[in-house]
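Each remark here refers to the structure printed beneath this line.
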Amino acid sequence: MKILIIDDDKFLTQTMERALNNEGHDITVINKASVLETESIDFSSFNLILLDLMMRKPQFLKLSRNEETGEGIYRYIKGRSNKPKFIIITGKDDIDIATNFKRFGVPILQKPFNSRYEDLFDAIRDVHV
């Protein structure tokens, strides 16, 4: 499966990339949200996007007052491609945000993951990409 990871935590994305590569997935990592504007990314080429909810806000992204960066990135990508499915990854426990994403059928996965990433693997299998 071709997976895009968008998260500003470099240590986490390196360990996620290694674990998912070991499971046979093709992984691309973006550690800065600003890259989404400056590079030509074909989002439809990915089966799944693992998107961190809270990252540094890039200047190009227009957010409402209470919106997190991940919510804006989700809208940005969905406006360019309907193909990839999403899993939101977050360390923030916010019922309102979770409800918003679940309304669109987007699962939320809490960080930190367990040490063997079984919770991440299970979430990916559950998405049925």
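The values are calculated or read from the model by the stated rules, or taken from the named source; none is laboratory data. Just so it is clear, the structure is predicted and the values come from calculations on it, not from any experiment. Ideal geometry is used to build each Cβ from the backbone, glycine not excepted, and the neighbour counts take in all protein chains shown.
Residue pairs whose Cβ atoms lie under 6 Å apart, sitting 6 or more positions apart in sequence or on different chains, and linking a residue in the range 1-27 that is within 24 Å of SER40 (Cβ to Cβ) to a partner that is in a helix (DSSP H, G or I) and charged (D, E, K, R), are ILE27/GLU17. Of all residues in the range 76-100, those being under 12 Å from the mean Cα position of the chain (by Cα) and not aliphatic (A, V, I, L, M) number 4. For the range 56-87, residues that are touching a Lys or Arg at 6+ places or on another chain (Cβ under 8 Å) and within 17 Å of VAL106 (Cβ to Cβ) total 3.
Among the residues of the range 102-118, those that are farther than 15 Å from PRO84 by Cα and under 15 Å from the mean Cα position of the chain (by Cα) comprise LYS102, ILE108, LEU109, GLN110, LYS111, PRO112, PHE113. Scanning the range 84-129 for residues that are within 18 Å of GLU17 (Cβ to Cβ) and of a type in the set (S, T, N, Q) yields a total of 2.
LEU12 satisfies every condition listed in (1) within 14 Å of THR69 (Cα to Cα); (2) assigned to a helix (DSSP H, G or I); (3) modelled with pLDDT of 90 or more except (1).
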